[in-house]
Amino acid sequence: MKILVVEDEASVREFIEKGLIEEGFDVTVVGDGASGERLGLEPSFDCIILDWRLPEKSGLEVCKNLRTNGILTPIIMLTAMNSVENRVEGLDSGADDYLTKPFAFEELIARIKALTRRMSPSATSEVLTFSDISMDLKRKSVVRGEKLLHLTAKEFSLLEYFMRNPERVLSRADIALAVWNINFETNTNFIDVYVTYLRQKLQTLDQAKQLIQTVRGMGYVLREREED
């Protein structure tokens, strides 16, 4: 498995590199955002570990640019900032996970394995369908009706979770844990923001049914019928 590490602090970079090599990973390390973005655009990496504060380009900027260019490689954002606002900003940039420094190396390994397991061919060799939506998990494509939708990596994961649990009311805590691997905090609205993004992209036609529905006081549900 090939891992790209983008970290400017030498001691942290060497700590991560040494540990990953000992775990059997093929590791490439760089110390600035511009180099990280250039390498990240290559499709050969299975996971990117990306520091937030970097010279030349910030981790947020690199992450956004990779997603804009259609790169779906799982990204774990590293940062010393641990406020709710910072975590939301990191995830909103397109990161799949968020790890606050200092962290236990075992936790980093567990998160890498969890993210890459979701993206592996053995875990994604199927097509999910609901109503007029078809989701090809192997090719990472979504079609509604006859229109190909362009989703970010996190929007894709969110829709996959809904499509694996149709007709089931999913709480914000359920979604945060399943899609972001974090505990939901009631003083943030990032789940609602992502659901809004996804709803907008699913509305390919004005008359298309709104399939992701709000259940007041409980969460969201993927279903065709509308209920009061």
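The values are calculated or read from the model by the stated rules, or taken from the named source; none is laboratory data. If you're wondering where the values come from, they're calculated on a predicted model, not measured in any experiment. Quick reminder, even Gly has a Cβ in these numbers, built from the backbone with ideal geometry, and neighbours come from all protein chains shown.
Conditions (1) at pLDDT below 90; (2) more than 16 Å from the chain's Cα centre (by Cα), marked per residue:
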position: Pro166; (1), (2): no, yes
position: Val169; (1), (2): no, yes
position: Ala176; (1), (2): yes, no
position: Asn183; (1), (2): yes, no
position: Leu198; (1), (2): no, no
position: Asp206; (1), (2): yes, yes
position: Glu224; (1), (2): yes, yes
position: Glu227; (1), (2): yes, yes
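For Glu17, the conditions (1) free of Cβ contacts under 8 Å to residues at least 24 places away in the same chain; (2) over 18 Å from Thr79 (Cα atoms); (3) not polar (S, T, N, Q) are fulfilled apart from (2). Can you name every residue in the stretch 35-55 that is in contact (Cβ under 8 Å) with a residue 24 or more places away in the chain and part of a helix (DSSP H, G or I)? Result: Ser35, Gly36, Glu37, Leu39, Gly40. Once the stretch 1-34 is narrowed to residues that are assigned to a helix (DSSP H, G or I) and basic (Lys, Arg), the residue that is farthest from Gly94 (Cα to Cα) is Lys18. In the stretch 36-59, of all residues being of a type in the set (Gly, Ala, Ser) and crowded, with 19+ Cβ neighbours inside 10 Å, the one that is farthest from the chain's Cα centre (by Cα) corresponds to Gly36.
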